[in-house]
1. So what is the 222 nm mean residue ellipticity for chain C from helices alone, if each DSSP H run of at least 4 adds -39500 (n - 2.57) and you divide by all residues, rounding to the nearest 500 deg cm²/dmol?
2. Mind listing the phi-derived Karplus ³J(HN,Hα) values for segment D:160-170, rounded to whole Hz, using 6.51, -1.76 and 1.60 with θ = phi - 60°, and x for any glycine or proline?
3. Suppose R0 equals 22 Å; then what is the FRET efficiency for C:Glu13 and C:Thr81 from their Cβ-Cβ distance, rounded to the nearest 0.05?
4. Amide H of B:Ser54 versus every other amide H placed in the peptide plane: which residues, excluding those fewer than 5 positions away on the same chain, fall under 5 Å?
5. What nm distance separates the two modelled labels at D:Asp209 and B:Asp234, each placed 7 Å from Cα along Cα→Cβ?
6. How far, in nm to one decimal, is B:Cys140 from itself in the other copies if the label point is set 7 angstrom along Cα toward Cβ? Shortest first, please.
7. Tell me which A residue has its C-beta closest to the axis rotating A onto D, and the distance in Å?
8. So which trypsin sites (Lys or Arg not before Pro) in segment A:15-88 pass both tests, a DSSP loop state and at most 13 other Cβ atoms within 10 Å of the Cβ?
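None of the figures in this text is laboratory data; all of them are computed from the coordinates on show. Model, not experiment: these values are computed from the prediction. Cβ sites come from the backbone with ideal geometry, for glycine too, and all protein chains shown count toward neighbours.
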4 protein chains.
Amino acid sequence: MNDAGLRVRPDGEAALQDLVIANRVLAHYGVLDGFGHVSMRHPRLRDHFLLSRSLAPALVTPDDVMVFDQDSNATGGDPRTAYLERYIHGEIYRARPDVQAIVHSHSPSVIPFASSSTRLRPIYHMAGFLRGGAPVFDICKCFGSTDLLVRNREQGVELARILGDHAVALMRGHGFVAVGADLRVAVYRAMYTESNAALQQKAIALGGDVVYLTEEEADKADEMMQGVITRPWDLWKEQVLSAR
Amino acid sequence: MNDAGLRVRPDGEAALQDLVIANRVLAHYGVLDGFGHVSMRHPRLRDHFLLSRSLAPALVTPDDVMVFDQDSNATGGDPRTAYLERYIHGEIYRARPDVQAIVHSHSPSVIPFASSSTRLRPIYHMAGFLRGGAPVFDICKCFGSTDLLVRNREQGVELARILGDHAVALMRGHGFVAVGADLRVAVYRAMYTESNAALQQKAIALGGDVVYLTEEEADKADEMMQGVITRPWDLWKEQVLSAR
Amino acid sequence: MNDAGLRVRPDGEAALQDLVIANRVLAHYGVLDGFGHVSMRHPRLRDHFLLSRSLAPALVTPDDVMVFDQDSNATGGDPRTAYLERYIHGEIYRARPDVQAIVHSHSPSVIPFASSSTRLRPIYHMAGFLRGGAPVFDICKCFGSTDLLVRNREQGVELARILGDHAVALMRGHGFVAVGADLRVAVYRAMYTESNAALQQKAIALGGDVVYLTEEEADKADEMMQGVITRPWDLWKEQVLSAR
Amino acid sequence: MNDAGLRVRPDGEAALQDLVIANRVLAHYGVLDGFGHVSMRHPRLRDHFLLSRSLAPALVTPDDVMVFDQDSNATGGDPRTAYLERYIHGEIYRARPDVQAIVHSHSPSVIPFASSSTRLRPIYHMAGFLRGGAPVFDICKCFGSTDLLVRNREQGVELARILGDHAVALMRGHGFVAVGADLRVAVYRAMYTESNAALQQKAIALGGDVVYLTEEEADKADEMMQGVITRPWDLWKEQVLSAR
């Protein structure tokens, strides 16, 4: 345990535990593998956020969580290696006061949409949060040839701009971000962004016409789903706790 | 344990155990995830049905089962939260006296057909119950823009009307229902609706002509399969019991 | 234990054990699920064969194995329920003296080819046994509308005729059979029929030209693979034994 | 334990352990099944290499590792059966002094590209090492009809020639090789060659235009990824060690 980890305690103990569970759940279901990350706003310092040190999500424990300030700098002189892409989190938290948690993932059904001219759209009520279709952030449009990572504040600002008020933005040649007004909602959205992408892919391959949710249906479905978010969260939590 | 759970006992003890196993089997195979549900008619009160309180199917125990009347209202003043979509069950039981059990699922290979103009049809003998192709219930046709859930009796009545005398009806942008004259048959049909959808998808993607079962073949295969239903059921039961 | 089970002992003890392992391996990898079966010739009585009683393959133990005569009748007055489709085995053993073991499967990547005009062909060296493409047995051509099962000797004879000297024959709307001059080879072929089907499906979906193995390549690859059959068999055996 | 195994010890003990872990990781993730292999250069004798005896990768232990000379002959009179295709390794090590480890795999998403006119190209930053697209070695172009294995030095030389300075070469009707300047990098590349192939397949099936990484993006992404190689390696190592 170290100072940075302690900083969030004791009143943030429950938040820390939930963040660890979020890491485990997303790894358990393959939404995160050796890469990707999930963060949440600091429970007291609203312009700070909590994010693991650079580590595979499946291995994250409470002691691995670091505290970052609004410029995505580690606080308290925490010397541990941070994820290169922490700016994704910092800049979205800055641009979106409603967002309390963020998942950045490379999950396998979503990448194809991130690199295709075919838009990811909500095909069922579980993914109403994709209403209107997910926008795509193509880093080369503003920043030329890069390694595709979001490595600084400027790139994070542009990603947040593309995200706008959407719940999900795809990142060309890279992955996606999903955000929520609650950690459980952000996790849910990352999980079902992957699911929706897999389903839409299959629907397209059937060759017939595909009907997507209208914006009104999507809005209503998204609102409904946030009302029952406890149900899948409790299941996932039980699954990762019993798998330890 | 509570009054509502007890109501079905003691002569319904075996039914309760089977319903729990049905929940676990469908969750184990991914036909149900955090959502979806399976019900059965009450073993004595034929216009009542048994359905878990609002809970992820993998977590359901006998004590979670509630008793609903023909209008899908909880009986005995049971104060626990019920699934929003219990009307699916109530109205199908009312319209279809032959039906003893119902599964409502969002399984991943079926949704694409529910949102496509390509019809789900029986591609092999395991899915003869899909004879003639599964009808599609599109809630917006009668009810306009909704969150896609079946939230009241009227919507349940319309779903039951579309189902007609079929074994399976798809629900656009949502999922499907599978029914049977026996709990094990309904579970079997939900499992193999998913399988058939996956196989049909692949067959279509091969690009050649696809041959489906004729209605006569489908009828014969369905009848045959119901005669050997014990075999897969015993396997699935063994798998979920040994996984506990 | 019963007389029929004992009949094959004691000199057939190793054969019985291998047959049980074959059942478990094929179930473990999803080539068999609640249905399908694997048989072998009786080690002493060459016109008899060994096949489990009607049971999900994952649950088969040595005591479940029955002995059938050349007409697919149970021997020794064994009263247990036999698989309806045991005639698949009896008639192939009669027509193909070189065959020592047979797998009948409904595995998920193969069915689409059984119902499509696109032929299953060897796409890699692991499936040289598919040389020339797998023939398709369409039961309705000779027997009209049925439940698609091979339920009698006449249907078994026709299936064996379509199989000819191939290693694999597909069954329209149903599944396939894979045969071998050794139990391990038949299991291997069933496993890699499934794999080849999955790979060919993906190759076709890429949209480009697909190159298959020539017949000469297929013959050489098949011969080579039979020479190293111990390697995958030992792995699979280890996996199912450690999973018990 | 035997002389050949001892030969690499004691200063190569860590290398041996890593090679065993590499075998287990690749088997755990299905990049290797009963077939395929991974080798590394001998830590002291730079023109020799370490490779298991002929065995399923999941079962490899330190004692199974043999030492081969630059002509792919077993050293020290080691009498154990070697992989038929050890020449893949020997000739690539000879042609590519920068290469320290090699994986040869038949993984399921890659084979379709090896047999298709559609080229495998980097679709995301995890697979920058595929820059420019993977070349395809078609053994029949130089060697006519074979069983598709690389069975001698001449065939290995030709494969190494096609590989050139790429990180990955596909082998028509067979599989692929992935190389790296470090064992962990070669394992990573084999894992993500499989992933990239699966993603590219899905992207193509969406029917829209697909954007791949430019060569400059691919180079930068590959360099970046090698800098964080410890993260996935530590995860994979933990997973296979805890699964024992």
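1. So the helix-based figure for chain C works out to -12500 deg cm²/dmol.
2. With the stated coefficients, segment D:160-170 comes to 5, 5, 5, 4, x, 9, 6, 8, 9, 10, 8 Hz.
3. Calculated value: 0.35.
4. When sequence neighbours closer than 5 places are left aside, the close amide H contacts are B:Thr81, B:Ala82, B:Tyr83.
5. 6.0
6. 3.5, 3.5, 5.0
7. Result for the A and D rotation: A:Ala205, 4.
8. Taking segment A:15-88 and a limit of 13 other Cβ atoms within 10 Å, the loop trypsin sites (Lys or Arg not before Pro) found are A:Arg44, A:Arg46.
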